[in-house]
Structures are given as structure tokens and as C-alpha cells.
Amino acid sequence: MGCLRLATWNVNSIRIRLDALELFCALTKPDVLCLQEVKAREEDFPFEAVKKLGFEHIALYGQPGYNGVAILSKHELSNVEKCNWVGKKDARHIKAKIFDDIELNNIYIPAGGDVPDPMENLAFAHKLCFMDDMSEYFEQHKKELAQKNMILCGDFNVAPSENDVWGHKQLLKVVSHTPIEVERLTRLFKSLDFVDAVRHFYPEPEKVYSWWSYRNPNWRTNNKGRRLDHVWVSAGLQNRLLGAQIVKEMRLSSRPSDHVPVIVDIKV
């Protein structure tokens, strides 16, 4: 048995972050990298630069200007599928099979805007409906899907636990940590009895973050972060988890994303 090093990272534009991507790969040597917010159409995606980093297999669901998800892999990908929720083709979910026994889902849940009220803010309503739509599908197909080894990873834009944010009480009315969002993400988590791979190695009550706002120039000092980026695995993969890490150093790179990569090692 070998080890699959899986990383997920909201790069906030792959073309801007190519140097950071090269640095990250040199430092951590991921086998599979799931990217969100690639912000590139098929014709604009830097395929050659990515392949030079060793990722010969690329599954892309792109669109111009915003969103977009990609799976970069050193191993063959099959059964690639672009998934859509809430009737929108907005490039937020792509899945593929790897090693014949693992279904890998790379997901970018909508951020939801600034006002946590679905009646006043359509972006927030979209976020809630997106999670509901996925949950309902998983619940309705649980008998079939429970037989699979599944990984869900990406920028979920929700910090569900009190210890996934720097200040629980301060952020209860701030989008990403409101009770209604936590409720929706919890439903999705329970729909197939997923295991939180990061919390498997960093159990509560340890504070764990993967995002620090651009608006906070003193982010290292005050550490006001949130854990928005997640890796979940189905129960059949729990005993194959080998390790996890948050690569906080990438927040110090030149022109950084506000998210940092999350790595999980899995026995394959």
C-alpha cells in the first residue's frame, strides 16, 4: 500500500498564483491537488505550466472571471463529471474516480455575500439552497453512495465549529459562521456519515484555521482566522487516514490567496 497526498486550495485565480503553486508543490509534493476559484476558461487555463509540475491528468470545470474548480493529478482520473446544483451551471463541483476505488469530489460552495438573510440577500439564499440540494441528493441516494469510498473536499465557505473561528460569539451573525449555515453544512456532513479528516488529527477544542482576510494586515499577530476549507471522507476511508496539515506558510507567499492549502494523506 502507498500513500496519496491530497491537497485542497482556493487559489483565487490560478494564473496569478502560478508561482505560489510551484512553491507549494516543491515544499509538499502533493499527488492530487483540488483547486477552487481557478477563474479561467478552458482556453485560458495554464495546462502546460501545470503539467510541468508533474500533474499530467487535469479535470477542469472552468468559466471566465470567477468560480471554477480543477483536479490536478499525478495519477489517472476517470469518470470525470461536472456537477451542477440549484439549476445553475456555475462551475462549482467536479468529480472523478482515482485508483478505481475512490470518488473524489472537489466543491466550491458559494460564499453567500455579506448579509445573512436569504430574504434580503439572494447570494445567501443561493448558498443555503446549494447545500440543501446536495444534501437531498445524498440522502435520497444514501444506500447506493454508502457503498463508495468518497472524498468531499474544497472551499465550503462555512466554519462549522466554535473552534473553527477566532471568536464564536463575535461571528454568530457574520456570514460563514451563522447558525443557519452551520445547520445546513451539518446536514450535508451527516447525509453520508462523513468523517472530518482534519479534525481526525486536530480534534476539538484545538483552534484550526485555513483562511485569513485580506482586510486584516496583522493576520499573523492577531490570528483572526476561520476554517473554511475542508476534507471529508466516507467511513470506509477513515482507517486509511495517515495525517493532515494546514500549510499556513503559503499565506506568506508573494501575492497570496486569502486561503491556504489543506493536506490529507490517505493510504491507497
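Before we move on, is LEU122 buried (at least 17 other Cβ atoms within 10 Å of the Cβ) and either farther than 22 Å from TRP9 by Cα or not acidic (Asp, Glu) (or both)? No, not satisfied. Take the conditions touching a residue at least 24 places away in the same chain (Cβ under 8 Å), of a type in the set (Val, Ile, Thr) and closer than 19 Å to SER73 by Cα and apply them to ILE109. Does it pass? Answer is no for this residue.
Could you please let me know if GLN238 is open to solvent by 20 Å² or more (accessible area, probe 1.4 Å) and closer than 18 Å to VAL32 by Cα?
Judged against the criteria, GLN238 is not a match.
Got a sec? Which of ASN84, ASN79, ASN105 is under 24 Å from LEU6 (Cα atoms) and open to solvent by less than 60 Å² (accessible area, probe 1.4 Å)?
Details: ASN84 fails: open to solvent by less than 60 Å² (accessible area, probe 1.4 Å); ASN79 fails: open to solvent by less than 60 Å² (accessible area, probe 1.4 Å).
Just a single option satisfies the conditions, and that option is ASN105.
Checking ARG220, ARG215 one by one, the residue that is modelled with pLDDT under 95, in contact with a strand residue (DSSP E or B) (Cβ under 9 Å, 6 or more places away or on another chain) and either over 25 Å from GLU249 (Cβ atoms) or basic (Lys, Arg) (or both) is ARG220 and no other. Scan VAL80, VAL50 and give me the residue that is in a helix (DSSP H, G or I), β-branched (Val, Ile, Thr) and over 27 Å from GLU181 (Cβ atoms). Sole residue among the options that is in a helix (DSSP H, G or I), β-branched (Val, Ile, Thr) and over 27 Å from GLU181 (Cβ atoms): VAL50. Taking segment 200-212 as the range and being outside any loop (DSSP other than H, G, I, E, B) and open to solvent by 30 Å² or more (accessible area, probe 1.4 Å) as the test, the residues that pass are HIS200, PHE201, TRP211. Screening PRO116 on (1) farther than 15 Å from LEU188 by Cβ; (2) surrounded by fewer than 14 Cβ atoms within 10 Å (Cβ to Cβ) shows it passes everything except condition (2). Look at GLU22 and say whether it is open to solvent by 50 Å² or more (accessible area, probe 1.4 Å), in contact with a helix residue (DSSP H, G or I) (Cβ under 9 Å, 6 or more places away or on another chain) and of a type in the set (Asp, Glu). When the stated conditions are applied, GLU22 passes them.
Within segment 125-165, being under 21 Å from TYR66 (Cα atoms) and either at pLDDT below 95 or open to solvent by 10 Å² or more (accessible area, probe 1.4 Å) (or both) holds for ALA125, HIS126, CYS129, ASN157.
Testing LEU228 on (1) touching a Phe, Trp or Tyr at 6+ places or on another chain (Cβ under 9 Å); (2) open to solvent by 10 Å² or more (accessible area, probe 1.4 Å), one condition comes back false. Which one is that? So LEU228 meets the others, but not (2).
The values are calculated or read from the model by the stated rules, or taken from the named source; none is laboratory data. Not measured: the values here are computed from a predicted model. Reconstructed Cβ throughout: ideal geometry from the backbone, glycine too, with neighbour counts over all protein chains shown. Surface accessibility is based on the protein's heavy atoms, side chains included, excluding ligands, DNA and RNA. Shrake-Rupley method; radii C 1.70, N 1.55, O 1.52, S 1.80 Å.
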